Amino acid sequence: MKNSLGQLKVDPGDYVANLDTPIGVYLRELISGAQSRSDIKTKKSIHNELVSGQSRNGSWNDLFVDTANNLWNLSLLGYDKKDKNVKKGLNWLLSNQTYNYREYPGFFYSSNRKESSTMRETLYGEFGPGCTIFYTTPYAVHLFHLYGMDGNKQVQKAVDSYLKFWTPDWCGSWCTINVLRMLIEHPKSANSKRTANGIKSLADIQTKTGAWKGFPFYHTFHALSRSKKTVAKMQIERVLPSIVRRQNKDGSWGRSRQENTTFLVLDGLKNAGLL
């Protein structure tokens, strides 16, 4: 499969071609290597629709989940932190870094009572609904990474706290993969012993079919795809036959939420240098 879509059962481009969404815009450019004129128009149209729902304080509905997902959408469309709406949204996230977990500072927490139920009901993007601090904070740090803010002192404070206490068996599988994907991609933690231990813990539970026992298949694949460590690359190589086997007849992946799952696969292949 190296550097080619030729070994896939179906060309995913046909499925992606019909997605008039941020993921669709992103994946079409990923596959073709360029953004079409029609997608430039689509990008502006989606941007205008997204920001029309943004509140004056920079959030969407005063909810972390809604705000984070919309900022992720804007990043897929190619907008950066210079965009005024992105800037407002990122500033709102920073204003929610108010929580200390035990004695560790730097966690992002929204006091909105609807947050927990909204998080449990929403599975979109790269993060899944684990415990609140193992969802909101990794997701926030990831967004700041996407927008080139790894060096922000508030962001580094959060990463430092995880590096002081987090272990792969700290909580459930969603919490583990949420935190680990954030540690893998942030330059402050990418080469840390804790991150290495997290990647090794996944290798220890990977089955002969490439899956990780008890862990979300596609999210785990995507998280590991960003690592440059040999033990992560070995897991990616082992799982590739299963990626091919799991592709749907229409070129997508997943039994439900095919759009999001197809993103995780194609972006993961790109991260691993296989697309």
_When you scan the range 23-37, do you find a residue that is buried (at least 20 other Cβ atoms within 10 Å of the Cβ), touching a Pro at 6+ places or on another chain (Cβ under 9 Å) and closer than 15 Å to Asn260 by Cα, even just one?_
yes
*Residues of the range 79-125 being at pLDDT 85 or above and of a type in the set (Lys, Arg), which ones?*
Lys81, Lys82, Lys84, Lys87, Lys88, Arg102
*Filter the range 221-239 for residues that are of a type in the set (D, E, K, R) and in a loop (DSSP other than H, G, I, E, B); which is farthest from the chain's Cα centre (by Cα)?*
Lys229
*If the Cβ limit is 6 Å and pairs must be 6+ apart or interchain, which residue in the range 74-102 that is touching a residue at least 60 places away in the same chain (Cβ under 8 Å) pairs with which residue that is part of a loop (DSSP other than H, G, I, E, B)?*
Lys81/Tyr147; Val86/Tyr79; Gln97/Phe108
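Taking the range 85-111, which residues are in a strand (DSSP E or B) and more than 22 Å from the chain's Cα centre (by Cα)?
Of everything in the range 85-111, those that are in a strand (DSSP E or B) and more than 22 Å from the chain's Cα centre (by Cα) turn out to be Tyr99, Asn100, Tyr101, Tyr104, Pro105.
Mind checking whether some residue in the range 189-200 is closer than 27 Å to Ser32 by Cβ and surrounded by 19 or more Cβ atoms within 10 Å (Cβ to Cβ)?
Of all residues in the range 189-200, those closer than 27 Å to Ser32 by Cβ come to none.
Within the range 189-200, not a single residue is closer than 27 Å to Ser32 by Cβ and surrounded by 19 or more Cβ atoms within 10 Å (Cβ to Cβ).
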_Tell me the residue from Tyr109, Tyr124 that is surrounded by fewer than 20 Cβ atoms within 10 Å (Cβ to Cβ), in contact with a strand residue (DSSP E or B) (Cβ under 9 Å, 6 or more places away or on another chain) and of a type in the set (Phe, Trp, Tyr), please._
Tyr109
*Residue pairs meeting the criteria (Cβ under 9 Å; at least 6 apart or on separate chains; first within 13 Å of Thr137 (Cα to Cα) and in contact (Cβ under 8 Å) with a residue 60 or more places away in the chain, in the range 148-175; second of a type in the set (S, T, N, Q) and buried (at least 16 other Cβ atoms within 10 Å of the Cβ))*: Gln154/Gln97; Lys157/Gln97; Ala158/Gln97; Ala158/Thr137; Ser161/Thr137
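Rundown of residues vs (1) modelled with pLDDT under 95; (2) in a helix (DSSP H, G or I); (3) within 30 Å of Thr132 (Cα to Cα), yes/no style:
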| position | (1), (2), (3) |
| --- | --- |
| Ser4 | yes, no, no |
| Lys9 | yes, no, no |
| Lys41 | yes, yes, no |
| Glu49 | no, yes, yes |
| Gly58 | no, no, yes |
*asked:* Cβ-Cβ distance below 7 Å, separation of 6 or more or different chains: which pairs start in the range 224-235 with a residue that is closer than 15 Å to Thr176 by Cβ and end on one that is small (Gly, Ala, Ser)?
replied: Leu224/Ala232; Gln235/Ala203
_Candidate set: the range 171-182, residues that are among the hydrophobic types (A, V, I, L, M, F, W, C) and over 12 Å from the mean Cα position of the chain (by Cα); chosen: the one farthest from Gly130 (Cα to Cα)_ = Cys171
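Based on what the data block shows, is Cys171 touching a Cys at 6+ places or on another chain (Cβ under 9 Å), buried (at least 17 other Cβ atoms within 10 Å of the Cβ) and hydrophobic (A, V, I, L, M, F, W, C)?
On the way: touching a Cys at 6+ places or on another chain (Cβ under 9 Å): yes; buried (at least 17 other Cβ atoms within 10 Å of the Cβ): no; hydrophobic (A, V, I, L, M, F, W, C): yes.
Spelling it out, it is not the case that Cys171 is touching a Cys at 6+ places or on another chain (Cβ under 9 Å), buried (at least 17 other Cβ atoms within 10 Å of the Cβ) and hydrophobic (A, V, I, L, M, F, W, C).
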_Just to verify a result, which residue in the range 48-67, among those that are among the acidic types (Asp, Glu) and surrounded by fewer than 18 Cβ atoms within 10 Å (Cβ to Cβ), is nearest to Thr21 (Cα to Cα)?_
Glu49
_I'd like the full set of residues that are of a type in the set (Lys, Arg) and over 20 Å from Arg226 (Cβ atoms), limited to the range 150-186._
Lys153, Lys157, Lys164
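The values are calculated or read from the model by the stated rules, or taken from the named source; none is laboratory data. All values reported here derive from a predicted model rather than from experimental measurement. Neighbour counts run over all protein chains shown; Cβ positions are idealised from the backbone, glycine included.
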